[in-house]
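Remarks on the structure that follows.
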Amino acid sequence: MKKIIVLLIVCLFCTTAQAALIDDFADTGLTEYTKSVVNDGDTNRTVSFASPSDVLEVSKSADTSYEQVVFLRAEDLTIGDALRIDTAAPDTTDYVDFGIVVCNTVDPPDVPDGATGDVRAGILAIYMKPLYDSIGWLGRDGNGSDVGSSSGVGITWADLIGLYIQRNSDTEFEGGYTTASGDTSLVTWTVTDTDIGDAVGIWGDVRAVTTYGDLDNLRTGISSIGNAWDPDPENEIDNVGEPNATQGPLQITLKWKTGLDPIDPNNFDPNINNHLVYMDINSAKLHYGGGSVWDDNIPESGPDFNASVTFAGLAYDTTYYWRVNESVNNSGPNETDPDLRIGNIWSFTTIGQSPEFTDQPDDALAAINDTVVFTVGVSSPTTVEYQWYKSADAQIGGDSAIGTDQNSLTVVASVANDAYYYVVVTNDANSVPSDIVHLWLEREIGRWKLNNNLNDSSGLGYNAAWDAVGDPCTTNQKFSTDHIEGTYSVDLQDDPNAFVSVPNSEDYFNSYVVGLTASCWVKTDYSGSYKPIIAKQSRSTMDPDQGWVLEINNGTPFFSVRNAATDLSTGTAIADANWHMVTAVFDVENTDARLYVDGLRVVNNTATQPGGAVKSIDRFAIGSEDANDGSYAGGSFDGLIDDVRIFTYPKTSVEVAAMYVEHVTDAEICIDSTNPEFDLNTDCKVDLADLALLSGNWLDCNLYPLSACSE
């Protein structure tokens, strides 16, 4: 890497690192802990814990078979912190493994009393093994799988001052021991159970009748005793750096805190007198003579300070690695010097040179002559220009440029402006297009009367076509003279593979992200589980599910906008071999979903996440739940379907009732099933009949004495 100019900034603050003491075992009470036997080789429970003299002890009163025990309390081990405990050289050679543990619960599975077994799960432990002069460890994920266990590595007991388990991320932990020279990492555990760390405590595996213990000061705190810590920028963070016009293109200020005193971890180590900072795109170069950019002129100016150094000349969109080594008692920069503390390797990724969208435009629903404003948010290291486009086909390229050089576009809703829109943002490095969005005009966008043809009578030209699972030539595709609208309907009752779909409807029928009314007439006696009536969704191959479906389940209608928390079902039966109009309404603005049968609202519900609706990449289908996979969820609809209608907006209950009365002209619909006040005979109107009921009881009186009735 080319030599760059290094700007040096040294910041002096009076900062003292603090550890959070959990238990110093100064009293004999251990009621905060819960003991669980997680692996037992005999049927007796003979292991116990006590703190009689300011330290924690473990005892076994009988048997020499293994009995592995966790002694836990509810304390969270957060990312960047470490669980630590002080210890001294063991004074026993018995089989007494003793140390610390983090678990996924304070009350893990327990081998039943009087039984043997192994229920170890969600456990990470590091412990002394006096019999073998070693440090051992155990790692079990939440499902019980082994994520790293060992009978241990040799240790010189005289050097040992503590054990630690450090949490590096939601799913990564590190275990090791501490000496006067700092931490030594022995194992890194990678788990899938993110609840591990919800409980901490003591691990014991006792296989001798004995009492042993010299554990003290169980605590959480800084994760790297002796080493530089608290990196800024945070480890593995993205989008850092700022432009440097002089030495360009980017610069970064690296900050850290000096290492702590292993003997007194609440204070910084006064023996550290220099910092050596290395940075490179290759982590293998982060050492003396490795060829990385480095600075060794950051002196120690007192026991408590933060330090920082600024490097310039960094590239855009690049991952850099860095390390801070610490010189103790004027040790040299070479890593072979035993007094040099080798720091952890951290990383960051610089900002991209291309512009990035922080906010994308959204689809809009509008009536004729309404004003719509599309807006984007953009992040860029340099100045950007905006160019908006209007598209007829939801594809980028070859479109008409509109608007001005701004992050917003104002459009007046009209038939001509019912189209797709996007913006291309350009800076010195690149041009980036936004998401493509649609201005939806409030109108009917599809109506299929199904009168011996599959033509669209809405005027937009989205004619449907016969479709099928498998070979269309083998299906029984037909119309029926049993109908509601016109003279025919589509007959799907004799073929589970036949359905109807609308070619080229993948993009245009996605208005449900801003609003929807879907209505059709059905005639069926099917009372089994889910059968689709109409749908615009992608479900068999997509995650999350996309689109919406209106179907029949157990003889009643069901409506769902996938991924928007809008599942509606009703007890109103339609599987009676009679014609019924089924209508679904999705009102995004008012977070409401409604289901109607024969013009009458039968159920509604609040859509708890209407913005979660995802545009479907599949065609609109009649009689199928998924146009790309007609067999999904049990095959095609079983019955007759007529007069299918799709609107871009949520119709009111009055408008839905009007659609029903269009075909059943003598029908009377009580809007929203709500009777007016004073409608005494519940016929949905207040008239002379209600007055007669009121008059018939005029002057009725149940007061006592009777004279009160005439007052």
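What the table below lists for this structure:
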{"quantity": "Heavy-atom accessible surface of the chain: percent carbon and sulfur, 1.4 Å", "calculated": "46"}
{"quantity": "Rg/Rg_ref, region 81-132, where Rg_ref = 2.2 N^0.38 Å and atoms are Cα", "calculated": "1.41"}
{"quantity": "Net length gained if the chain between Glu668 and Trp466 were fully extended (0.36 nm per residue, minus Cα distance)", "calculated": "69.1 nm"}
{"quantity": "Highest average packing first - 637-643, 167-173, 212-218, Cβ atoms within 10 Å", "calculated": "637-643, 212-218, 167-173"}
{"quantity": "Derived scalar couplings ³J(HN,Hα) [region 197-203; Karplus, 6.51 cos²θ - 1.76 cosθ + 1.60; whole Hz; x for Gly, Pro]", "calculated": "x, 7, 9, 9, x, 10, 10"}
{"quantity": "Distance in nm between pseudo-label sites at Asn504 and Ser151 (7 Å out along the Cβ direction from Cα)", "calculated": "7.5"}
{"quantity": "Net charge, Gln387 excluded, C-beta distance under 13 Å - Lys, Arg +1, Asp, Glu -1", "calculated": "-2"}
{"quantity": "Principal axis box of the chain, alpha-carbon based, largest edge first, Å", "calculated": "98, 80, 77"}
{"quantity": "Solvent-accessible area of Leu30 with every protein chain in place, 1.4 Å probe, in Å² to the nearest 10", "calculated": "20"}
{"quantity": "Over 22 Å (Cα to Cα) - which of Lys390/Lys536; Lys449/Lys615; Lys35/Lys60; Lys449/Lys651; Lys536/Lys651 fall in this group", "calculated": "Lys390/Lys536; Lys449/Lys615"}
{"quantity": "Probe 1.4 Å, accessible area per residue of the chain, Å²", "calculated": "43"}
{"quantity": "Candidate aspartates and glutamates - alpha carbon under 12 Å from Lys255, same-chain residues fewer than 8 apart omitted", "calculated": "Asp230, Asp232, Glu234"}
{"quantity": "Added length on full extension, which subtracts the Cα-Cα distance from 0.36 nm per residue, Asp700 to Ala62", "calculated": "220.9 nm"}
{"quantity": "Theoretical gain in end-to-end length, Glu655 to Asp94 [0.36 nm per residue, Cα-Cα removed]", "calculated": "193.5 nm"}
{"quantity": "Percentage relative contact order, region 15-122, counting C-alpha pairs under 8 Å, at least six apart", "calculated": "35"}
{"quantity": "Radius 15 Å from Cβ of Glu655, net charge of other residues (Lys, Arg +1; Asp, Glu -1)", "calculated": "-1"}
{"quantity": "Computed over the chain: relative contact order in percent, which uses C-alpha pairs under 8 Å that are six or more apart", "calculated": "9"}
{"quantity": "Mean Cβ count within 10 Å, highest first, over the residues of peptides 366-378, 194-206, 578-590", "calculated": "194-206, 578-590, 366-378"}
{"quantity": "Under 11 Å, Cβ to Cβ, from Arg140 - net charge with Lys/Arg +1 and Asp/Glu -1", "calculated": "-3"}
{"quantity": "Relative contact order [Cα under 8 Å, 6+ residues apart], region 430-571, whole percent", "calculated": "14"}
{"quantity": "Computed [θ] at 222 nm, helices only, for the chain once each DSSP H run of length n ≥ 4 contributes -39500 (n - 2.57)", "calculated": "-1000 deg cm²/dmol"}
{"quantity": "Hull shadow area, averaged, region 324-446 [alpha-carbon convex hull, nm²]", "calculated": "12.7"}
{"quantity": "Evaluated at q = 0.18, 0.23 Å⁻¹: base-10 log I(q)/I(0), Debye formula over Cα of region 148-206", "calculated": "-0.75, -1.10"}
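The values are calculated or read from the model by the stated rules, or taken from the named source; none is laboratory data. In this text the structure is predicted, and so the values were computed from the model without any measurement. Don't worry about glycine lacking a Cβ; one is built from the backbone with ideal geometry, like all the others, and counts go over all protein chains shown. When the accessible area is computed, the model is the full protein with side chains, heavy atoms only, and any ligands, DNA or RNA have been set aside. Shrake-Rupley method; radii C 1.70, N 1.55, O 1.52, S 1.80 Å.
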